[in-house]
Amino acid sequence: MDRPEWAPPGIDVERPSAARLYDYFLGGSHNFAADRAMAQQLLATAPDIPLIAQANRAFLRRAVQMLAESGIRQFLDIGSGIPTLGNVHEVAREVVPDARVVYVDLDPVAVAHSSVLIRGQEGVAAIQGDVRKPGDILHHETVRNLIDFTEPVALLVIALLQFVRDEDDPAGIMAQLRGALPSGSYLALSHGVVDGWRHDKEMVKNLYSRTTTPPASRTRADVAPFFGDFELVDPGLVWVTQWRPDQPSKIDGIKAAKSAVVAGVGRKP
Ligand SMILES: C[S@@+](CC[C@H](N)C(=O)[O-])C[C@H]1O[C@@H](n2cnc3c(N)ncnc32)[C@H](O)[C@@H]1O
């Protein structure tokens with residue numbers, strides 16, 4: 001199996017990862033042969049995945065834009081992924097030039113490439129972290145240095161929780177993360193669900209089960225409680241293409257439910 005020079009030391013290049021599959025679906029090149037082979041199998045069964053990934057990415061952009069326009073100056077992006085077009089600090093800084101952003105991801109390739117992208121930029125950092133250990137993230141020195149938890153924070157949990165299984169207590173994790181934020185903070189969250197999925201669910205689940213972060217199967221109804229007592233802003237928790245769509249694109253051709261991803265933004269009272 002090939003091992004590109006940029007592969008972080010110690011990483012198992014033969015085991016696909018959600019971050020690198022997503023990078024591949026978005027047209028990126030930070031993936032290994034094992035990721036590409038699995039991506040081809042996934043595409044054979046679910047050819048819409050790249051459009052779904054783009055639709056999710058477009059939600060991230062719209063949500064960050066809206067949050068920055070609402071006055072949010074600091075963003076904690078957990079499960080941030082491998083950098084691609086429209087990264088959070090770039091989108092936020094178009095509105096708030098000194099917005100502070102911490103990227104957190106489990107995947108060493110995501111952390112390494114994020115670190116390269118933001119090198120030399122003040123107020124932006126990338127750390128390795130596991131959302132299943134929220135206390136470690138919240139108390140991480142870099143997070144404490146950049147994020148002021150006495151001022152409103154935007155917590156981004158975008159297309160992450162479908163990789164956190166019920167036995168890892170995603171409800172408890174989210175309660176801990178929400179609890180660390182002051183009033184006026186926001187949670188932007190999207191989640192892949194099985195309701196709208198018209199492809200072979202079992203096949204996709206089986207393939208993703210061979211990655212470093214095996215998936216959880218959740219429905220739209222399972223996702224709403226992750227917002228706790230945060231008040232959903234308009235239009236609520238909806239299919240990802242329906243959350244404040246702003247510009248026509250080929251993604252609009254996807255029927256909303258076919259996106260298989262729900263998304264929403266909630267504000268802490
Ligand atoms: C589908 S990608 C989403 C990337 C980005 N948030 C976006 O929506 O464009 C999911 C990301 O979650 C990361 N991830 C999976 N499990 C994680 C965990 N336990 N802790 C932190 N990140 C995790 C993966 O490495 C991957 O980068």
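Residues of the stretch 23-43 that are open to solvent by 40 Å² or more (accessible area, probe 1.4 Å) and closer than 16 Å to residue 105 by Cα: 30 alone. Among residues of the stretch 216-230 that are farther than 18 Å from residue 185 by Cβ and of a type in the set (A, V, I, L, M), those with a Cβ under 6 angstrom from a residue that is open to solvent by 70 Å² or more (accessible area, probe 1.4 Å) and in a loop (DSSP other than H, G, I, E, B), sequence gap 6+ or separate chain, pair up as 216/165.
Number of residues in the stretch 221-231 that are surrounded by fewer than 19 Cβ atoms within 10 Å (Cβ to Cβ), touching a helix residue (DSSP H, G or I) at 6+ places or on another chain (Cβ under 9 Å) and assigned to a helix (DSSP H, G or I): the value is 1. Criterion first (part of a strand (DSSP E or B) and in contact with a strand residue (DSSP E or B) (Cβ under 6 Å, 6 or more places away or on another chain)) does residue 75 satisfy it? Judged against the criteria, residue 75 is a match. Given 100, 132, which one is in contact with an Asp or Glu (Cβ under 6 Å, 6 or more places away or on another chain) and farther than 25 Å from residue 29 by Cα? Criteria check complete, one pass: 132. Out of 3, 20, 15, 57, I need the residue that is touching a residue at least 60 places away in the same chain (Cβ under 8 Å) and open to solvent by 20 Å² or more (accessible area, probe 1.4 Å). Which one? Residue meeting the stated conditions: 15. With respect to the conditions (1) open to solvent by less than 30 Å² (accessible area, probe 1.4 Å); (2) under 18 Å from the mean Cα position of the chain (by Cα); (3) without any contact (Cβ under 8 Å) to a residue 40 or more places away in the chain, residue 213 lacks only one, and its number is (3).
Rundown of residues vs (1) more than 20 Å from residue 230 (Cβ to Cβ); (2) free of Cβ contacts under 8 Å to residues at least 12 places away in the same chain; (3) of a type in the set (S, T, N, Q); (4) within 16 Å of the ligand (Cβ to nearest atom), yes/no style:
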position: 141; (1), (2), (3), (4): yes, yes, no, no
position: 159; (1), (2), (3), (4): no, no, no, yes
position: 167; (1), (2), (3), (4): yes, yes, no, yes
position: 185; (1), (2), (3), (4): no, no, yes, no
position: 197; (1), (2), (3), (4): yes, no, no, yes
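Across the stretch 61-79, not a single residue is classified as more than 20 Å from residue 268 (Cβ to Cβ), touching a residue at least 60 places away in the same chain (Cβ under 8 Å) and in contact with a helix residue (DSSP H, G or I) (Cβ under 7 Å, 6 or more places away or on another chain).
The values are calculated or read from the model by the stated rules, or taken from the named source; none is laboratory data. It should be emphasised that the depicted structure is a prediction, and the values quoted were computed from it without experimental measurement. Cβ sites come from the backbone with ideal geometry, for glycine too, and all protein chains shown count toward neighbours. Ligands, DNA and RNA are stripped out before the accessible areas are found, and what is left, the full protein with its side chains, is counted by its heavy atoms. Shrake-Rupley method; radii C 1.70, N 1.55, O 1.52, S 1.80 Å.
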